[in-house]
Amino acid sequence: MKTGSSLLCLTLFAGGSLLAQAPAVNAGGVVNAASYAYAGLPSAAIGQGSIFAIFGTNLGPASFAQSGAYPIPTTLGGVTVRVTSGATSGNAFLFLASAGQITAMLPSNIAPGTASLTVTTGSGTSAASSFQVAASSFGTFAANSGGSGPGVITNANYQAFGLNSAANPGEAAVIWGTGLGPVTGNEAGGALPGDTTIPVEVYVGATKASVTYRGRSGCCAGLDQIVFTVPAATTGCRVPVTIKINSTVSNNTTMAIAPAGMRTCADAGGPSTSDLQKYQQNGAAVGVVALARVATTLTVPFVGTITTNADLGSASFARYTPVQLDTAANPFNAVQVGACTVAYTRVGSSAPGDPVLPKFLDAGAAINVSGAGGQKPLPRATTGPYISYSGLLGAPTVGGIGGGGGAGYLDPGTFSISGPGGPDVGAFTGSLAIPASLNWTNFAAITDVTRASGQQVTWTGGDPNGSVVIVGTSSSGTDTNAVGASYNCYAKGSDGSFTIPAQVLLAMPVSVTVQGVPTGTMAVGNVSAPKSFSATGLDAGYLFYTNISLKTLNYR
């Protein structure tokens with residue numbers, strides 16, 4: 001009798017294990033389908049009537065089902081998504097359903113506020129997942145399908161801008177995205193184009209552009225267009241583009257802009273137009289070696305301020321295909337002086353910020369840095385497809401506050417950088433002059449940063465012919481689920497001051513304080529103009545130096 005009972009239990013257990021599992025939505029797995037802004041970021045809400053994505057497990061069929069005609073269905077491949085917010089509820093319109101992802105359109109009548117959704121399949125219904133709904137929360141589609149790098153921005157004929165098909169100042173340009181706001185009418189039945197009164201602001205570099213249309217596209221439900229005029233005197237291969245609606249800022253993408261009469265962009269210190277034209281045919285292998293001194297000041301309760309200085313080095317070598325040159329975030333490390341870029345981050349994540357992965361190249365066992373303090377190696381590290389070089393150039397030292405000071409390896413002088421050569425990159429030698437560091441004059445005065453007000457930074461000294469970099473980070477916490485954002489701004493060294501715009505700071509989450517120590521940071525320092533070097537196997541090589549002072553503070 002016991003044996004029969006055991007067999008019955010085993011049979012029931014085995015049979016149960018064969019049953020399909022109920023769908024489950026990932027924590028923070030409801031995101032804008034263009035920006036992929038992490039839940040918890042200021043831009044993470046799903047706009048009424050916008051296209052969004054749901055990530056999880058067992059969400060739908062193993063082979064994805066796709067709706068191919070209007071009206072857009074509310075059940076696809078046996079999948080239904082139910083959304084509730086306040087007193088409103090409805091089924092989402094489904095474009096795609098698969099085991100790992102659902103792409104859907106939120107009905108325009110779902111009320112703003114804290115909402116929840118469930119996914120129902122033939123195997124059951126998921127637990128309710130919470131997310132935010134907003135009237136407007138715009139995301140720009142990106143060429144890398146990851147919400148960063150070159151945006152899906154076209155000319156009036158819907159041809160995408162690129163390195164050799166760049167926009168010109170004064171030309172009409174079209175941003176493609178989703179999340180502008182709700183529409184009235186049968187939105188599942190097809191496109192509902194029409195200009196709106198939504199207060200859309202478009203910033204190209206540091207310039208506010210003139211907007212001539214903001215509304216649904218004429219082709220597709222849920223897909224928005226913003227038409228603007230490319231500002232005068234704004235050129236570069238990775239010019240940042242940001243959309244602001246009231247106090248909500250979109251993901252940061254970029255676009256290529258060339259001087260009038262030209263269609264190939266260029267950046268100071270970067271590839272020439274003729275080189276870019278050649279790279280567009282054959283791709284390009286790019287090497288970057290960066291040296292940096294970082295002075296970090298922490299304010300610790302009951303202890304005071306502690307400043308440490310560290311000298312660091314890093315290098316990477318990678319080959320990009322012609323397509324990747326137009327889709328990767330910044331292959332040539334172009335700097336847009338007078339403007340800022342913003343990137344989203346996740347605490348503890350080792351994933352690359354740019355989903356476009358080039359072929360990483362092997363330049364030998366170590367890159368060597370030589371100066372008055374002797375020779376220091378940057379050893380090679382290989383993890384999966386990644387090959388990188390990095391290392392400390394000396395033991396951290398204690399230095400002064402606000403000046404990046406403290407004696408160390410990277411004191412002002414001339415340094416030689418060399419590589420022994422490897423399977424992919426030949427031997428090379430280059431030199432880099434390190435100037436005296438600048439003085440961040442309002443270092444002590446900046447404690448809390450009010451995001452909506454912008455923040456001025458002032459300095460003296462440094463290299464008047466070089467650039468100043470202003471970097472900041474803020475996160476929603478320190479645990480593994482915390483999310484954040486970072487910004488990089490560049491100014492002329494001779495300017496003496498720069499104001500970080502509100503549309504940059506509003507993309508940052510409000511900082512948290514852990515045991516009295518703020519988790520937000522701001523850093524200011526020199527950044528050298530790129531110095532070129534050449535090696536067999538490389539089409540372009542660049543040497544950089546940065547000397548920055550970093551402090552912790554709060555973003556409010």
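The values are calculated or read from the model by the stated rules, or taken from the named source; none is laboratory data. What you see is a predicted model, and the numbers here were worked out from it, not measured in a lab. Neighbour counts run over all protein chains shown; Cβ positions are idealised from the backbone, glycine included. With ligands, DNA and RNA removed, areas are computed over all heavy atoms of the protein, side chains included. Shrake-Rupley method; radii C 1.70, N 1.55, O 1.52, S 1.80 Å.
Students sometimes get this wrong: rank T207, T184 by accessible area, probe 1.4 Å, all chains present, largest first.
Values: T207 55, T184 125 Å².
Largest to smallest exposure gives the sequence T184, T207.
Could you order R214, R556 by accessible surface area, starting with the largest, using a probe radius of 1.4 Å?
R556, R214
Efficiency by 1/(1 + (r/R0)^6): what FRET value for A87 and T229, r their Cβ-Cβ distance, R0 = 35 Å, to the nearest 0.05?
0.25
Kindly state, to the nearest 0.05, the FRET efficiency for S247 paired with A372, given R0 = 30 Å and r defined as their beta-carbon distance.
Efficiency computed from Cβ-Cβ geometry: 0.05.
Can you give me the distance in nm between label points at K278 and V323, each placed 7 Å from the Cα along the Cα-to-Cβ direction?
My value for the distance between the label points is 2.5 nm.
What's the magnitude of the charge dipole for the chain around its Cα centre, counting Lys and Arg as +1 and Asp and Glu as -1 at the beta-carbon? Answer in Debye, nearest 20.
Around 460 debye, computed over the chain.
Let me cross-check S549: its accessible surface, 1.4 Å probe, with only protein heavy atoms counted, in Å² to the nearest 10?
10 Å²
At 37 °C and a viscosity of 0.692 mPa s, what translational diffusion coefficient does Stokes-Einstein give for segment 429-556, taking Rh as the Kirkwood radius over Cα pairs? Give it in µm²/s as a whole number.
Value of D from the Cα-based Kirkwood radius: 206 µm²/s.
For segment 30-185, what is the per residue volume of the convex hull drawn over the alpha-carbon atoms, in cubic angstrom? Intermediate results must be reported in sequence, preceding the final value.
Values: hull volume 21.5 nm³, N = 156.
Dividing the Cα hull volume of segment 30-185 by its residue count gives 138 Å³.
Working out 0.36 nm times the residue gap between T513 and K208, then minus their Cα-Cα distance, what length gain in nm do you get to one decimal?
106.4 nm
Taking each pair of distinct Cα atoms in segment 150-303 once, what is the resulting Kirkwood hydrodynamic radius in Å?
Values: mean 1/r = 0.0564 Å⁻¹.
One decimal place: 17.7 Å for the Kirkwood radius.
Return the calculated 222 nm mean residue ellipticity for the chain, to the nearest 500 deg cm²/dmol, obtained by summing -39500 (n - 2.57) across DSSP H runs with n ≥ 4 and dividing by the residue count.
When only DSSP H runs of four or more count, the value is -2000 deg cm²/dmol.
Could I have the simple spin-label model distance between C219 and T299, label points 7 Å from Cα toward Cβ, reported in nm to one decimal?
5.1 nm
Using only Cα atoms, find the angle between the long axis of helix 273-282 and the longest principal axis of the chain, and express it within 0 to 90 degrees, rounded to the nearest 10.
Once rounded, one gets 50 degrees.
Show the residues, 5+ positions off or on another chain, whose built amide H is closer than 5 Å to the amide H of I446.
none
What nm distance separates the two modelled labels at T184 and K359, each placed 7 Å from Cα along Cα→Cβ?
Inter-label distance under the simple model: 5.7 nm.
Dividing the convex hull volume of the Cα atoms of segment 236-361 by its residue count, what figure in Å³ per residue is obtained?
Values: hull volume 22.4 nm³, N = 126.
So the per-residue hull volume is 178 Å³.
Direction-averaged shadow area of the convex hull around the Cα atoms of the chain, nm²?
Values: hull surface 124.8 nm².
Mean orientational projected area (the chain, Cα hull): 31.2 nm².
Using only Cα atoms and rounding to the nearest 10 degrees, what angle (0 to 90) does helix 2-18 make with the longest principal axis of the chain?
The two axes meet at around 70 degrees.
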